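K.L.:
My questions all concern the structure below.
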Amino acid sequence: MEQFSPLVGQTQAVELLSQAVIKERVAPAYLFAGAPGIGRSLAARCFIKLLFTGSKHRQIINNHPDLLWVEPTYQHQGQRLTVAEAAEKGFKRKAPPVIRLEQIREITQFLSRPPLEAPRQVVVLSETEKMAEAAANALLKTLEEPGQATLILIAPSPDSILSTLVSRCQRIPFYRLEPTAMAQVLRQTGHEAILQNPTILNIAAGSPGEAIASFHQLQNIPLELLAQVTQPPRNYRHALEMAKQIDKVLDTEAQLWLVDYLQQSHWQRGCQPSTIQQLEQARKSLLCYAQPRLVWECTFLSMCV
């Protein structure tokens, strides 16, 4: 269908969603399951345009009165900030964003009224795997009685969210792109230069969105620092200096990305498996909110032994 023309490489998802509309069998809830950056959010927007076709010919869905798009948020000085808003305000993030109970209550309030323009209301929950437990339990009630609405949950896999949520959704699978489709998306989005960077492509593993995000992360890391950390530390002092510099220059999100980059870089150079394992332990420690400088000190010092 024309509405899905921007989506590349997700034939099965397009067929399932198109047929649901053609046969007038749109489910109350869907789970768009697949890796980040492969078109899940784009597919949701295309599907919404299809559902809203004829609703007073409104072309822009972002501000449509019958659409509510929910994202994980940070709590900062009494305000909820999305990831984009936090970045814009320069808010230093110490904990990951989550979908909060208050946001689920807002969904309930949104669905308490009938549709204003479209045949139905649509609620999209992006990164549903980041939903707080209380919020997930509250969402169950909405999924049981959605009224004149369709809910779209976006998550990496069914295992990443509560099984009770999964059981109330029709699953729409999304797959990582083949190299040809990957190259097509990168060229269409003006990121053809990424095709010349095998490390970025390996990190992305068939996800154009991941490739673009990784490329942007790479541009934000000082070249001198990157050149230092991609080589084994020369001695203990050098190891401690590198750890200090990483902690000073990069936030936690960038440090987690750097772990991926270093693993790929070392793997391509044929380094010992123990180095990859040490970096994997660093990732686990960072995800557990261990003190970042200490994590990198231990990691680089272990490489000196």
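K.L.:
When only residues in segment 160-196 that are in contact with a Ser or Thr (Cβ under 9 Å, 6 or more places away or on another chain) and not in a helix (DSSP H, G or I) count, which is surrounded by the most Cβ atoms within 10 Å (Cβ to Cβ)?
P.N.:
Initial filter on segment 160-196 (in contact with a Ser or Thr (Cβ under 9 Å, 6 or more places away or on another chain)): 160-161, 165, 176-177, 182, 194.
Pick out the ones that are also not in a helix (DSSP H, G or I) and you get 161, 176-177.
On the way: 161: 22, 176: 17, 177: 25.
Of everything passing the filter in segment 160-196, 177 is surrounded by the most Cβ atoms within 10 Å (Cβ to Cβ).
K.L.:
Quick check: is even one residue across segment 248-266 surrounded by fewer than 18 Cβ atoms within 10 Å (Cβ to Cβ), among the aliphatic types (A, V, I, L, M), within 29 Å of the chain's Cα centre (by Cα) and farther than 21 Å from residue 197 by Cα?
P.N.:
yes
K.L.:
I want to confirm something. Restricting to segment 197-219 and keeping residues that are more than 19 Å from the chain's Cα centre (by Cα) and part of a helix (DSSP H, G or I), which single residue is surrounded by the fewest Cβ atoms within 10 Å (Cβ to Cβ)?
P.N.:
Step one: list which residues in segment 197-219 are more than 19 Å from the chain's Cα centre (by Cα), which gives 197-199, 219.
This time we only want the ones that are part of a helix (DSSP H, G or I), so: 198-199, 219.
Numbers: 198: 11, 199: 18, 219: 8.
Step by step, filter segment 197-219, then rank; the result is 219.
K.L.:
Search segment 274-289 for residues that are in the same structural domain as residue 97 (by TED's automatic domain parsing) and modelled with pLDDT under 90 and pair each with any residue that is surrounded by 12 or more Cβ atoms within 10 Å (Cβ to Cβ) and of a type in the set (Asp, Glu) when their beta-carbon atoms are under 6 Å apart and the residues are at least 6 apart or on different chains.
P.N.:
Matching pairs, first to second residue: none at all.
K.L.:
Of all residues being loosely packed, with under 13 Cβ neighbours inside 10 Å and of a type in the set (A, V, I, L, M) in segment 220-247, which is farthest from residue 303 (Cα to Cα)? Just the residue, please.
P.N.:
Among those that are loosely packed, with under 13 Cβ neighbours inside 10 Å and of a type in the set (A, V, I, L, M), it is 223.
K.L.:
Using the structure shown, decide if residue 267 is aromatic (Phe, Trp, Tyr) and modelled with pLDDT of 95 or more.
P.N.:
Numbers: aromatic (Phe, Trp, Tyr): yes; modelled with pLDDT of 95 or more: no.
Here the answer is no, as residue 267 does not meet what is asked.
K.L.:
Then there is this: Can residue 252 be described as over 24 Å from residue 83 (Cβ atoms) and outside the structural domain of residue 210 (by TED's automatic domain parsing)?
P.N.:
Numbers: over 24 Å from residue 83 (Cβ atoms): no; outside the structural domain of residue 210 (by TED's automatic domain parsing): yes.
When the stated conditions are applied, residue 252 does not pass them.
K.L.:
Tell me the residue from 118, 155, 132, 211 that is modelled with pLDDT of 95 or more, in the same structural domain as residue 30 (by TED's automatic domain parsing) and small (Gly, Ala, Ser), please.
P.N.:
On the way: 118 fails: modelled with pLDDT of 95 or more; 132 fails: modelled with pLDDT of 95 or more; 211 fails: in the same structural domain as residue 30 (by TED's automatic domain parsing).
After ruling out the rest, the residue left standing is 155.
K.L.:
So if I check each of 113, 105, which one is surrounded by fewer than 16 Cβ atoms within 10 Å (Cβ to Cβ) and not in a loop (DSSP other than H, G, I, E, B)? Spell out how you get there, then give the answer.
P.N.:
Working: 113 fails: not in a loop (DSSP other than H, G, I, E, B).
Among 113, 105, only 105 is surrounded by fewer than 16 Cβ atoms within 10 Å (Cβ to Cβ) and not in a loop (DSSP other than H, G, I, E, B).
K.L.:
So which residues in segment 99-139 are under 18 Å from the mean Cα position of the chain (by Cα) and either on the phi > 0 side of the Ramachandran plot or basic (Lys, Arg) (or both), if there are any at all?
P.N.:
100, 127, 130
K.L.:
Name every residue in segment 90-101 that is without any contact (Cβ under 8 Å) to a residue 60 or more places away in the chain, out of contact with any Phe, Trp or Tyr (no Cβ under 8 Å at 6 or more places or on another chain) and either surrounded by fewer than 12 Cβ atoms within 10 Å (Cβ to Cβ) or not charged (D, E, K, R) (or both), in order of residue number. Let's see the steps before the verdict.
P.N.:
If we filter segment 90-101 for residues that are without any contact (Cβ under 8 Å) to a residue 60 or more places away in the chain, which is where we start, we get 90-91, 96-101.
So of that shortlist, the ones also out of contact with any Phe, Trp or Tyr (no Cβ under 8 Å at 6 or more places or on another chain) come out as 90, 96, 98-101.
Those that are without any contact (Cβ under 8 Å) to a residue 60 or more places away in the chain, out of contact with any Phe, Trp or Tyr (no Cβ under 8 Å at 6 or more places or on another chain) and either surrounded by fewer than 12 Cβ atoms within 10 Å (Cβ to Cβ) or not charged (D, E, K, R) (or both): 90, 96, 98, 99, 101.
K.L.:
Go through segment 73-115 and give me each residue that's among the aliphatic types (A, V, I, L, M) and at pLDDT 90 or above.
P.N.:
Applying the first criterion (among the aliphatic types (A, V, I, L, M)) to segment 73-115 yields 81, 83-84, 86-87, 95, 98-99, 101, 104, 107, 111.
Answer for segment 73-115, where residues must be among the aliphatic types (A, V, I, L, M) and at pLDDT 90 or above: 98, 99, 101, 104, 107, 111.
K.L.:
Regarding segment 224-243, can at least one residue be identified that is in a loop (DSSP other than H, G, I, E, B), in contact with a Ser or Thr (Cβ under 6 Å, 6 or more places away or on another chain) and not assigned by TED's automatic domain parsing to the domain that holds residue 86? Steps first, answer last, please.
P.N.:
To start, the set of residues in segment 224-243 that are in a loop (DSSP other than H, G, I, E, B) comprises 230-235.
Adding the requirement that they be in contact with a Ser or Thr (Cβ under 6 Å, 6 or more places away or on another chain) leaves 230.
With not assigned by TED's automatic domain parsing to the domain that holds residue 86 added as a condition, the list becomes 230.
Yes, some residue in segment 224-243 is in a loop (DSSP other than H, G, I, E, B), in contact with a Ser or Thr (Cβ under 6 Å, 6 or more places away or on another chain) and not assigned by TED's automatic domain parsing to the domain that holds residue 86.
K.L.:
Looking at the structure I just gave you, is residue 57 modelled with pLDDT under 95 and surrounded by 14 or more Cβ atoms within 10 Å (Cβ to Cβ)?
P.N.:
Values: modelled with pLDDT under 95: yes; surrounded by 14 or more Cβ atoms within 10 Å (Cβ to Cβ): no.
No.
K.L.:
How about segment 139-159: which of its residues are in a loop (DSSP other than H, G, I, E, B) and either charged (D, E, K, R) or in contact with a Phe, Trp or Tyr (Cβ under 9 Å, 6 or more places away or on another chain) (or both)?
P.N.:
Step one: list which residues in segment 139-159 are in a loop (DSSP other than H, G, I, E, B), which gives 145-148, 156-157.
Within segment 139-159, 145 is the sole residue that qualifies.
The values are calculated or read from the model by the stated rules, or taken from the named source; none is laboratory data. Note that the structure is a prediction, hence the values are computed from the model and not measured. Every residue, glycine as well, gets a Cβ built from its backbone with ideal geometry; the counts of neighbours run over all protein chains shown.
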